[in-house]
1. Among the residues of the stretch 29-49, which ones are open to solvent by 10 Å² or more (accessible area, probe 1.4 Å) and closer than 14 Å to ILE119 by Cβ?
2. Report yes if some residue within the stretch 190-198 is among the acidic types (Asp, Glu) and in contact with a helix residue (DSSP H, G or I) (Cβ under 7 Å, 6 or more places away or on another chain); otherwise report no.
3. If you check LEU26, LEU19, LEU15, which single one turns out to be touching a residue at least 24 places away in the same chain (Cβ under 8 Å) and open to solvent by 20 Å² or more (accessible area, probe 1.4 Å)?
4. Limited to the stretch 180-195, what total is found for residues that are assigned to a helix (DSSP H, G or I) and either touching a residue at least 40 places away in the same chain (Cβ under 8 Å) or surrounded by fewer than 14 Cβ atoms within 10 Å (Cβ to Cβ) (or both)?
5. Residues being in contact with a Phe, Trp or Tyr (Cβ under 8 Å, 6 or more places away or on another chain) and in a loop (DSSP other than H, G, I, E, B): count how many of those fall in the stretch 196-216.
6. Return yes when ALA217 is more than 17 Å from VAL49 (Cβ to Cβ), surrounded by fewer than 20 Cβ atoms within 10 Å (Cβ to Cβ), in contact with a Ser or Thr (Cβ under 8 Å, 6 or more places away or on another chain) and not assigned by the TED database to the domain that holds ASP80 and no when it is not.
7. Of the residues that make up the stretch 38-54, is at least one in a helix (DSSP H, G or I), within 19 Å of the chain's Cα centre (by Cα), within 27 Å of LEU240 (Cα to Cα) and free of Cβ contacts under 8 Å to residues at least 12 places away in the same chain?
8. Just the residues that are open to solvent by less than 60 Å² (accessible area, probe 1.4 Å) and either at pLDDT below 95 or of a type outside the set (D, E, K, R) (or both), please, taken from the stretch 128-141.
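The values are calculated or read from the model by the stated rules, or taken from the named source; none is laboratory data. From a predicted model like this one, the values you see are computed outputs, not experimental measurements. Please note: Cβ atoms are built from the backbone with ideal geometry, for glycine as well, and neighbour counts cover all protein chains shown. Protein only, heavy atoms only, side chains kept; ligands, DNA and RNA dropped before computing areas. Shrake-Rupley method; radii C 1.70, N 1.55, O 1.52, S 1.80 Å.
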Amino acid sequence: QEKGFDGVYISGAVLANDLGLPDIGLTTLTEVTVRAGQIARMTDLPALVDADTGFGEPMNVARTIQELENAGLAGCHLEDQVNPKRCGHLDGKNVVDQETAVRRIRAAADARRDPDFLIMARTDIRAVEGIRAAQERAKALVDAGADAIFPEAMATLEEFAAIRAAVDVPVLANMTEFGKSELFTTRQLQDAGVNMVIYPVTLLRSAMAAAERTLEAIKAQGTQQAAVPDMLTRSRLYELVDYGAYNRFDTGIFNFQVPGLETDRTNANL
């Protein structure tokens, strides 16, 4: 939000990895809803979360939508992979038939209580059946009630343009590193008709690489000193979690003496 972005994307892969799990559909609705809600709470920006295949059959999909609404999310995307799914940029994916994919999106749209909650349909069919199949699947998902389309693992800008030509709803591009897509610029994607761009694992990869470098420095040098210049400072961390506001809040409510207790701040906070 402070860096000027328009929204926050909460990656299913990152949520799984944060639990020490691969991105193969092992997370639960509760785990995703709780963590996504914690993230959404921290920003005024709209937060879009990856809801995988909806955590079950159409009735489960319906509950997923309502739980995410309750948690304060602005929207989610649901995909058309067979469950258990896998990362969209891996080979060997399997997708459900069109009727099943449509049923998922229709259940989500019917369950939505907030008309502003964004239901995005992700399709992985391009890797299985090609771009023409992706166009047809995208059209069917929009007809079922999808507010936006997430065509996964597009190989070229021309493929993004083909999806843009097939539907009249916003189109999202996934610019994940080490994947099937070239890392196109926002200008290139905009020129191809893309409306939204996500960078789902970028910050995790950056943070984990820094963590590994720091551990290596400690192991080699016996101190983290060499890594300190690249660290977030204590004052910046306190600023991000709004430390000052909590301190003022605490001072404001604990402004009286309790008989039998020490009145200094240390014991008062206990």
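1. PRO46, LEU48
2. In the first step, residues of the stretch 190-198 are kept if they are among the acidic types (Asp, Glu); the result is 191.
Then drop every residue that is not in contact with a helix residue (DSSP H, G or I) (Cβ under 7 Å, 6 or more places away or on another chain), which leaves none.
Taking every residue of the stretch 190-198 in turn, none turns out to be among the acidic types (Asp, Glu) and in contact with a helix residue (DSSP H, G or I) (Cβ under 7 Å, 6 or more places away or on another chain).
3. Values: LEU19 fails: touching a residue at least 24 places away in the same chain (Cβ under 8 Å); LEU15 fails: open to solvent by 20 Å² or more (accessible area, probe 1.4 Å).
That would be LEU26, the only listed residue that is touching a residue at least 24 places away in the same chain (Cβ under 8 Å) and open to solvent by 20 Å² or more (accessible area, probe 1.4 Å).
4. Here is the first cut: in the stretch 180-195, the residues assigned to a helix (DSSP H, G or I) are 186-191.
So of that shortlist, the ones also either touching a residue at least 40 places away in the same chain (Cβ under 8 Å) or surrounded by fewer than 14 Cβ atoms within 10 Å (Cβ to Cβ) (or both) come out as 186-187, 190-191.
Qualifying residue count, the stretch 180-195: 4.
5. From the stretch 196-216, those in contact with a Phe, Trp or Tyr (Cβ under 8 Å, 6 or more places away or on another chain) are 198-200; that's our starting set.
Adding the requirement that they be in a loop (DSSP other than H, G, I, E, B) leaves 199-200.
Final tally of qualifying residues: 2.
6. Working: more than 17 Å from VAL49 (Cβ to Cβ): yes; surrounded by fewer than 20 Cβ atoms within 10 Å (Cβ to Cβ): yes; in contact with a Ser or Thr (Cβ under 8 Å, 6 or more places away or on another chain): yes; not assigned by the TED database to the domain that holds ASP80: yes.
Here the answer is yes, as ALA217 does meet what is asked.
7. So in the stretch 38-54, the residues in a helix (DSSP H, G or I) come out as 38-41.
Then drop every residue that is not within 19 Å of the chain's Cα centre (by Cα), which leaves 38-41.
Narrowing further to those that are within 27 Å of LEU240 (Cα to Cα): 38-41.
Restricting the remaining residues to those that are free of Cβ contacts under 8 Å to residues at least 12 places away in the same chain gives 38.
Checking the stretch 38-54: at least one residue is in a helix (DSSP H, G or I), within 19 Å of the chain's Cα centre (by Cα), within 27 Å of LEU240 (Cα to Cα) and free of Cβ contacts under 8 Å to residues at least 12 places away in the same chain.
8. Within the stretch 128-141, GLY130, ILE131, ALA133, ALA134, GLN135, ALA138, ALA140, LEU141 qualify.
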